[in-house]
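Just so it is clear, none of the values below were taken in a lab; they were calculated from the coordinates. For clarity, every value in this text was computed on a predicted model and none was experimentally measured. For neighbour counting, all protein chains shown are included, and Cβ atoms are generated from backbone atoms with ideal geometry for every residue, glycine included.
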Amino acid sequence: MQTVLLILSGILGIVSPLTYIVSIARGKSKPHRMTRFILLFVLSLNFFGIVAAHGNPGAVLFAGINVTQATVIFFLSLWRGMGGTSVFDFICLAIAGIGILGWKLTGSPVAGIWFAIIADFFGYLPAFFKTWKHPHTESAWYYILGTLSALLSFIAFPIDTTSIFQIYIILSCIMMVGFIYRKNLAKALR
C-alpha cells in the first residue's frame with residue numbers, strides 16, 4: 001500500500017506544478033516573485049534537512065519534487081510573476097533568512113525542518129496577501145493537487161518528526177485554495 005500511495009503522491013506532485021507552469025506560461029497565473037525566491041531556498045533547506053535526518057521515503061520524495069518544481073516556478077516568476085520589491089517582501093525575506101540561519105546554527109536536521117516551516121510561512125505571506133487581493137492570479141488546481149500529493153505521502157508512512165513539513169504544506173495549500181475561492185464562497189453563502 002505504501003508503494004501505491006507514494007506513486008500516486010509522486011504523480012500528483014509532478015502534475016500539480018505542471019498545471020501551474022502551464023498556467024504561468026499562458027499568463028493566467030502570476031506567482032509572487034519574492035515568495036518564489038524564498039521558497040526556492042526554503043524547500044532546498046527542507047529537502048537537505050529531511051535527507052540528513054534520514055527521513056522516511058515519502059518525506060524525501062515529496063521534498064525532492066517540491067525543490068525541483070520550486071526551481072522552475074521561480075524562474076518563470078521572473079518572466080510572468082508580480083510583486084517582490086515592497087518593504088514587506090524584504091521583511092519576509094529577512095525573517096525567512098533567519099530561519100535558514102537557524103538551521104545552520106543548530107546543525108540539527110530536525111531543527112532545520114522546523115526552521116524551514118517558519119521560513120516557508122514568512123516566504124508565503126506575500127503570496128497569501130497577493131492572492132487575497134487578486135485571487136484570479138493563482139491556479140486552484142496547483143494547490144488542490146499539491147494538497148492531495150502531500151496528503152498521500154503523509155499517510156503512506158507512520159508519522160514522525162520529518163512529517164511536520166508535509167502537514168504544514170497541506171494546511172498552506174488549503175489556505176491558498178480558500179483565498180482563491182473566497183469571493184465565490186461569499187457569494188454562495190449570501
Largest-first principal axis extents of the Cα set of the stretch 25-81 (Å): 39, 18, 11
Counting every C-alpha pair in the stretch 89-190, the percent lying more than 24 Å apart is 34
Residues Met34, Met1, Met175, sorted so that the one with the fewest Cβ neighbours within 10 Å comes first: Met1, Met175, Met34
If neighbour count is taken as other Cβ atoms inside 10 Å, put Thr3, Thr161 in order from fewest to most. Thr3, Thr161
Hey, could you grab the Kirkwood Rh for the stretch 2-189? Inverse mean 1/r over distinct alpha carbon pairs, Å, one decimal. 16.4
Kindly put Arg182, Arg80, Arg190 in sequence by how many other C-beta atoms sit within 10 Å of each C-beta, fewest to most. Arg190, Arg182, Arg80
